[in-house]
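Worksheet: one structure, shown below.
The values are calculated or read from the model by the stated rules, or taken from the named source; none is laboratory data. Keep in mind the model is a prediction, meaning the values are calculated, not measured. Here the Cβ is made from the backbone with ideal geometry for all residues, glycine too, and neighbour counts use every protein chain on show.
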Amino acid sequence: MAKGYSLATDLRLLINNPNYSDITILCEDGSFYACKAILAARCEVFNGFLYNGMKETYENQIHFPEIKSIAMKIILNYIYTGFCTAEELKNDTIIDIYHAADYFQLKNLSDYIIRVIGFFLKPSAESNVPELLSRALVKLSPSEENSLLQILAEYVSSMPLNTIEYDQLSFPALKFLLSYVRGKGKSLPATEYEIFRFVIIHVAHQISKDAVEMFENYLPTMDKIDQIQDPTIIVQNKEFHIFRQQLTEILTPLLEFIDIRRIEGKILTDVLEPLDIITSEKIVDAYRFYARNHLGLPSSYATTETPVSFKQNNSSQVTVNQNNLFPTIETKTPDNLPSPIVNSPLSINKLNFTWDESACGSNLVIEKAGTTVRALSNCKSTENVKGKILINEKGIYEWNLVVDRGCKKMYIGICAGKSFDVESFAGYQRNGWVFASSGLYWNDNKFKRGEATYAEGDKITVHLNMNEKTLAFSINDKRYPEISTWRKLPSKIYPVISLSYPGQIRIQPDI
């Protein structure tokens, strides 16, 4: 084709052409001729390297040892012509090309790769997506905000665990996957025990083949769970103790993403506890969870069916039938008779309140008789509003909030103290404890990832236990565990929400 008809075609002739170049780009495994002026005019990163007055400005070579030549070829073609086609992106090179586009801050190219990468991914047994995730985490920082990592993790999270080979998924990739799933409030297509087993065997692969064989034997698959070995065999195996020490050191950062309370009690007691690879604190926490959420055995205090009474704080007589652990208010019996139940059941105080106009951010509006809060269009950063109710007595309290309109920055929780600033994000403040719609629990500029997220249309219930000073949340009536790090709540509490535009949240009264 004659010159002059297509600018892109003509400029493509300049790529890697020494006749039109004044600099050589050295890559990990090759080199290219290029023109400084074109590079600097089209890419801010190159402009910073080549016209900063430092040595690169005066030299005729520039070195990028972390960029592969196949990726640099695509980068130069895009810089010179502004084009990149799906045919140029291959399954085995797309990670390197995305890394290079990200490195040189070519956002349009990065976005294009994200749009077309779905054509290369197949979440099936023969898929290499786990390998791509592993390779991506070698090149890219493990941020859950990275679009490529999100897409890869999403695909891997849909694959059955038994289709993923252990050598396909690196340790950083496994950790990122578990963190991603937990942060999105999702779950892998497996039981919690199967997830736990997969993680253990994966870690064992980093120790030795003998360790893999041993843990595969001690952690049977679900179809062989009844073939549990005698725990004393484990205790007496000296080699197992060596492997266990190595395994627990590697395993520790992964355990925070596995909820052993979801593992069946029999498996927990007969399989996991004898291995001694989970801390006793986590085991006890799981048992405590079972005790709180399941009916126990009837009390052995007496053999008769005569109800035994005890007093609540409000002095009303409560009785317990030995064949029914649920108390009923009935007849009086002697006050000095000991109770078969250690803690009396407490009633739940359902709160109906309004929002406090005197404790409301300047860009928030309280409407509908004080029950609804709406963020104005100029509310770009998060602002707060307190509930017009002080909770300062012992008891269990609950209130329901509904998200009428979602927004990027949305938080629900509690606050305390006169020093609480309604104009600043509650989660940055020492006396603010809030649950983000993204699934993070915020307090004192620190966050912990939770199990679920919420959005527009969802109902969030706040569960405040002023006896134990604990806080928990439900989403659409599904309750999630108490936040373990929030164990020292103050004695005076206010409900609080944090919003930005166009968020809107209302109180749902308990009728």
Q. Quick one: which of Trp399, Trp433, Trp442 is closer than 16 Å to Asp356 by Cα and at pLDDT 90 or above?
A. Trp399
Q. Which one is farthest from Leu254 (Cα to Cα), of the residues in segment 179-213 that are of a type in the set (Gly, Ala, Ser) and assigned to a helix (DSSP H, G or I)?
A. Ala211
Q: Would you check if there is a residue in segment 87-107 being farther than 22 Å from Gly30 by Cα and of a type in the set (Phe, Trp, Tyr)?
A: no
Q) Pick from segment 501-511 the residues that are in a strand (DSSP E or B) and not polar (S, T, N, Q): which of them is surrounded by the most Cβ atoms within 10 Å (Cβ to Cβ)? A) Ile505
Q: Output the residues belonging to segment 223-249 that are modelled with pLDDT under 85 and touching an Asp or Glu at 6+ places or on another chain (Cβ under 8 Å).
A: Ile228, Pro231, Glu239, Arg244
Q: Determine, yes or no, whether Leu169 is surrounded by 20 or more Cβ atoms within 10 Å (Cβ to Cβ), not in a loop (DSSP other than H, G, I, E, B) and not small (Gly, Ala, Ser).
A: no
Q: Looking only at segment 478-493, decide whether some residue is over 16 Å from Asp356 (Cα atoms), part of a strand (DSSP E or B) and in contact with a His (Cβ under 8 Å, 6 or more places away or on another chain).
A: yes
Q: Would you check if there is a residue in segment 449-462 being within 22 Å of Lys380 (Cβ to Cβ), out of contact with any His (no Cβ under 7 Å at 6 or more places or on another chain) and not in a loop (DSSP other than H, G, I, E, B)?
A: no
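Looking at segment 85-103, can you tell me whether even one residue there is crowded, with 18+ Cβ neighbours inside 10 Å and among the acidic types (Asp, Glu)?
Looking for residues that are crowded, with 18+ Cβ neighbours inside 10 Å and among the acidic types (Asp, Glu), one finds at least one in segment 85-103, hence yes.
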Q) Of all residues in segment 20-76, which are among the β-branched types (Val, Ile, Thr) and within 43 Å of the chain's Cα centre (by Cα)? A) Ile25, Ile38, Val45, Ile62, Ile67, Ile70, Ile74, Ile75
Q: Those residues that are within 16 Å of the chain's Cα centre (by Cα) and assigned to a strand (DSSP E or B), I need them from segment 412-442; list them, please.
A: Val434, Phe435, Ala436, Leu440, Tyr441, Trp442
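Out of curiosity, is Phe83 outside any helix (DSSP H, G or I), within 30 Å of Ser127 (Cβ to Cβ) and among the aromatic types (Phe, Trp, Tyr)?
yes
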Q: Give the number of residues within segment 3-50 that are of a type in the set (D, E, K, R) and modelled with pLDDT under 90.
A: 3
Q: Among the residues of segment 259-291, count how many are under 25 Å from Gly183 (Cα atoms), assigned to a helix (DSSP H, G or I) and charged (D, E, K, R).
A: 6
(Q) Taking the conditions exactly as written (in contact (Cβ under 8 Å) with a residue 60 or more places away in the chain, assigned to a strand (DSSP E or B), crowded, with 18+ Cβ neighbours inside 10 Å and not aromatic (Phe, Trp, Tyr)), does Ser498 satisfy them or not? (A) yes
Q: Quickly run through segment 481-495 and pick out the residues that are free of Cβ contacts under 8 Å to residues at least 60 places away in the same chain and surrounded by 14 or more Cβ atoms within 10 Å (Cβ to Cβ).
A: Glu482, Ile483, Trp486
Q. Hey, among the residues in segment 250-285 that are at pLDDT below 85, more than 17 Å from Tyr218 (Cβ to Cβ) and of a type in the set (Ser, Thr, Tyr), which one's nearest to the chain's Cα centre (by Cα)?
A. Thr279
Q | Verdict on Ile389 being surrounded by fewer than 18 Cβ atoms within 10 Å (Cβ to Cβ), of a type in the set (Val, Ile, Thr) and closer than 20 Å to Lys492 by Cα | A | yes
